[in-house]
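Okay, handing you the structure first.
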Amino acid sequence: MSGSDASLGTLAATFGVMSLFAIGGANAAVPEIHRIVVDVHHWLTDQQFADAYAIAQLSPGPNVLIVTLIGYQVAGVLGAMVATLSMCAPTAALAYVVSRVLGRSSHSPWPGIIQAALVPLSIGLMGASGFVLAVTSDRTIGAALVTAVVAVVAGATRMNPLWLLIGGGVLGFAGVVG
């Protein structure tokens, strides 16, 4: 299905359901978003998806911007609005209900247990997101090496990730990584 063939209803249904799996935000759902957008609906290519992700991460604002860019690619401005609202509204409603329920049970150990259980889940989903983007973007050994070095530096130091992004951008612009 090409971008022009996608209906707003398909966009709404796709991102509405996906929003309920986006524990930890849109970044945690990147592997599933990639699978649905690239492999199932064929709305974007791997390269277009990687580019949209990079733009979303470099732009100020929430991480859900990738969904907005996908919606725009698929169905223009209206598609961007539908995709964004569909990704945000169900999760916001669920978060509101859960916070109300957990707020009432202040003496129960369950809120702490649930929060502790979600930490490794969120970390795993973010790791999967990084893996999907690395596999999608790293088409050369040099690019894979840069990704690995950046991952180690980011994990081992407190360096601001913006410097790592700028360094990668400079290497790409200079033609070292292609």
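The values are calculated or read from the model by the stated rules, or taken from the named source; none is laboratory data. The structure presented is a predicted model; accordingly, all values stated were derived computationally and were not measured. Methodologically, a virtual Cβ is constructed for each residue, glycine included, from the backbone with ideal geometry; neighbour enumeration extends over all protein chains shown. Note: accessible area is taken over every heavy atom of the protein model, side chains too, but ligands, DNA and RNA are not part of it. Shrake-Rupley method; radii C 1.70, N 1.55, O 1.52, S 1.80 Å.
Given charges of +1 on the Cβ of Lys and Arg and -1 on the Cβ of Asp and Glu, with all other atoms neutral, how large is the dipole of the chain about its Cα centre, in debye to the nearest 20?
520 debye
Can you tell me the relative contact order of region 59-168? Whole percent, Cα pairs under 8 Å, sequence separation 6 or more.
Details: 40 pairs, mean separation 11.4, N = 110.
Here the relative contact order equals 10 percent.
For the chain, list the DSSP H helices whose alpha carbon atoms reach 30 Å or more along the long axis and whose average Kyte-Doolittle value is -0.5 or above?
Flagged H segments are 65-104, 110-137.
Only Cα pairs within less than 10 Å get springs; with that Gaussian network setup on the chain, which residue of S137, S19, S108 has the largest fluctuation?
Result: S108 has the largest fluctuation of those listed.
Can you pull the three principal axis extents for the Cα set of region 116-178, in Å, largest first?
44, 25, 14
In percent, how large is the relative contact order of region 44-88, given Cα pairs closer than 8 Å and 6 or more residues apart?
29 percent
According to the square roots a ≥ b ≥ c of the eigenvalues of the Cα gyration tensor, what is the shape class of the chain, taking rounded for a/c under 1.5, prolate for a/b larger than b/c otherwise, and oblate for the remainder?
oblate
Can you give me the Cα centroid spacing of region 97-155 and region 74-92 in angstrom?
Distance between centres, Cα-based: 23 Å.
Right, here's the next one. Roughly how many Å² of W110 are accessible to a 1.4 Å probe, to the nearest 10?
Only protein atoms counted, so the area is about 150 Å².
With a 1.4 Å probe and all protein chains kept in place, how much accessible area does Y53 have, in Å² rounded to the nearest 10?
Its heavy atoms expose roughly 40 Å² to the probe.
In addition: Of A128, T14, I113, which is farthest along the charge dipole of the chain in the positive direction, counting Lys and Arg as +1 and Asp and Glu as -1 at C-beta?
Sorting the options by dipole projection puts first I113.
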